[in-house]
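S.K.: The structure is given below, and queries will be raised subsequently.
Just so you know, all these numbers are worked out from the coordinates, no wet-lab data involved. All values derive from a computational prediction rather than experimental measurement. In this analysis, Cβ positions are derived from the backbone assuming ideal geometry, glycine residues included, and neighbour counts consider all displayed protein chains.
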Amino acid sequence: MAYPSLYQINTPVFLTRLSRSRGRPATLDDIPDSDLDALAARGFDWVWFLGVWQTGPTGREISRSIPEWRREFQALLPDLSEEDITGSCFSVADYSVHSSIGGDAALARLRERLKKRGLKLLLDFVPNHTARDHRWVRQHLDFYVSGDEATLAREPGNYTRVSGSGDRADRADRIMAYGRDPYFPGWPDTFQLNYGHPAVQEAMIAELLKVAARCDGVRCDMAMLLLPEVFERTWGIKAAPFWPKATRAVRERYPEFLLMAEVYWDLEWTLQHQGFDYCYDKRLYDRLREGQARPVREHLRAGLDFQDRLARFLENHDEPRAAAVFPPEMHRAAAVITFFSPGLRFFHQGELEGDQKRIPVHLRRGPEEPIDGEISQFYSRLLACLREEPFRQGAWRLLESVAAWEGNGTFDHFIAYGWSGPNGALRLAAVNFGSTQSQCYVRLPFPKLAGRIWRLQDRMGSAVYDRNGDDLLNRGLYLDMPAWGYHIFSVIEPDASVGTNSFK
């Protein structure tokens with residue numbers, strides 16, 4: 001599929017809700033077939049089950065013990081219990097499926113159930129760090145970044161003292177580095193892997209291959225942290241490139257395997273060229289939040305060799321909920337811009353229902369929120385459009401908007417796309433991404449429009465317009481739209497049926 005759609009599920013939260021309805025602890029085997037059928041019917045191609053890997057008691061205790069984190073958890077869940085805090089799913093102790101959700105065998109059965117419905121399974125890979133109770137901490141301390149007393153005194157938020165007692169071969173105390181992003185304090189439930197050590201790179205490639213055997217693709221957490229220049233800047237340690245070797249090893253064994261990178265700092269292109277199929281498009285998200293059309297449009301001028309390999313999103317487990325960030329009208333406009341762009345369309349559990357509270361990955365439970373009927377209906381229409389062939393297999397282009405009359409600068413608020421399907425079908429997406437009523441002409445560079453009348457049928461609303469094809473080619477499509485307004489037009493011949501399945 002040229003432009004697939006992905007749905008992210010927070011597995012611990014999903015199974016906790018299922019457990020309450022079943023009256024017993026639920027595993028992956030308990031996920032109803034009807035839920036999987038619904039995902040397939042809505043047009044999703046991929047399902048990301050976040051947080052299936054084995055975590056350890058150390059991570060859980062750290063999550064429960066940090067006052068700042070507990071305050072966040074308590075604000076979200078006033079009835080918070082210790083059992084609700086299960087530890088971060090990114091503090092991975094072992095790449096085996098957590099025993100409490102059915103283990104590896106249950107995941108294999110889930111994968112088969114997904115496959116029968118044409119759905120592919122995406123899982124996590126966390127390359128930068130491990131849990132503090134990972135077996136390598138006992139067996140291979142040299143796999144980790146360490147420090148000394150001076151380092152600990154200077155950076156107490158990035159290092160900790162680890163006692164030499166226990167079953168570790170090395171019984172001396174050690175100063176160990178937390179895994180971290182160079183712009184923030186370390187994650188205290190993790191230890192940082194040393195990618196300057198060749199054995200670490202080989203061991204992590206082996207771990208990645210173990211994960212790849214169990215799914216159809218992985219999302220690699222904070223993938224840019226392993227780039228040699230980033231790693232050296234963060235730790236002062238030179239490291240050989242990891243991702244070209246790792247992605248090549250996976251593809252040699254699993255040629256159709258999908259690799260998606262969480263990446264920031266304008267390093268998307270770099271990681272695409274190191275073997276990733278898709279990289280997060282945080283730049284588009286950030287520009288949409290700013291609410292100005294021109295920076296968004298400038299971002300969308302990039303070549304399709306870049307854009308086709310971006311994962312477009314309005315929220316995920318790291319970002320605040322879209323319904324909380326964007327006012328309702330702006331939310332809908334931003335969604336049309338995001339999900340009718342080229343690339344992978346990335347949706348998050350609760351987004352389609354208008355949830356407003358982000359659930360930290362340390363928790364297995366979130367608050368119960370009512371469904372926002374308007375948002376739910378909007379996304380139902382949007383997903384129905386995305387199931388159409390032009391948006392899944394077609395050719396995309398950014399369209400030019402020009403002033404409707406001299407001195408009218410509101411044309412700059414518009415973002416418009418054209419999609420051409422493999423069978424010649426045309427679709428137009430137009431958004432007034434501005435806070436005022438705006439007008440423009442949108443240039444339509446489609447020669448097939450010449451010499452005929454065409455009907456523009458809004459797939460997201462009730463508008464229908466008949467327009468002369470020669471006029472559309474010469475002057476463009478005139479639009480006069482309210483603030484944050486949007487259209488998704490099918491371009492059909494007026495005598496064609498307007499039934500969903502019979503658009504030309």
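S.K.: Can you work out the FRET efficiency for the pair Glu368 and Ala240, with r the C-beta to C-beta distance and R0 = 30 Å, to the nearest 0.05?
M.R.: Numbers: r = 49 Å, r/R0 = 1.62.
Calculated value: 0.05.
S.K.: Run through the DSSP bridge list for the chain and note the antiparallel percent, rounded to the nearest 5.
M.R.: 65
S.K.: What order, most packed first, do the peptides 4-17, 100-113 have when packing is the mean number of other Cβ atoms within 10 Å of each residue?
M.R.: Result, highest mean first: 4-17, 100-113.
S.K.: Here is a follow-up. Tell me which lysines have Cα within less than 29 Å of Lys448's Cα, excluding those fewer than 8 residues away on the same chain?
M.R.: Lys504
S.K.: Of Pro185, Trp243, Gly43, which is farthest on the positive side of the dipole of the chain, counting Cα position, with +1 on Lys and Arg Cβ, -1 on Asp and Glu Cβ, and the Cα centre as origin?
M.R.: Gly43
S.K.: Order 359-371, 149-161 from most to least packed using the mean count of other Cβ atoms within 10 Å. Don't skip to the answer; put the middle values down first.
M.R.: Details: 359-371: 17.5, 149-161: 14.2.
Answer by packing, highest mean first, reads 359-371, 149-161.
S.K.: State whether the range 395-502 is rounded, prolate or oblate according to the following rule on the C-alpha gyration tensor (a ≥ b ≥ c being the square roots of its eigenvalues): a/c under 1.5 gives rounded; otherwise a/b larger than b/c gives prolate, and the remaining case gives oblate.
M.R.: prolate
S.K.: DSSP loop trypsin sites (Lys or Arg not before Pro) in the range 242-331 with at most 14 other Cβ atoms within 10 Å of their Cβ, which ones?
M.R.: Within the range 242-331, the qualifying trypsin sites (Lys or Arg not before Pro) (loop, at most 14 other Cβ atoms within 10 Å) are Arg301.
S.K.: If you keep only loop residues by DSSP, which GluC sites (Glu not before Pro) in the range 250-310 have at most 13 other Cβ atoms within 10 Å of their Cβ?
M.R.: The qualifying sites are Glu256.
S.K.: List, in the order given, every pair from Lys120/Lys238; Lys282/Lys357; Lys115/Lys357 whose Cα-Cα distance in the structure shown is over 25 Å.
M.R.: Lys120/Lys238; Lys115/Lys357
S.K.: Let me ask you something else. Sort 211-220, 43-52, 57-66 for me by packing, meaning the mean count of neighbouring Cβ atoms within 10 Å per residue, highest on top.
M.R.: 43-52, 211-220, 57-66
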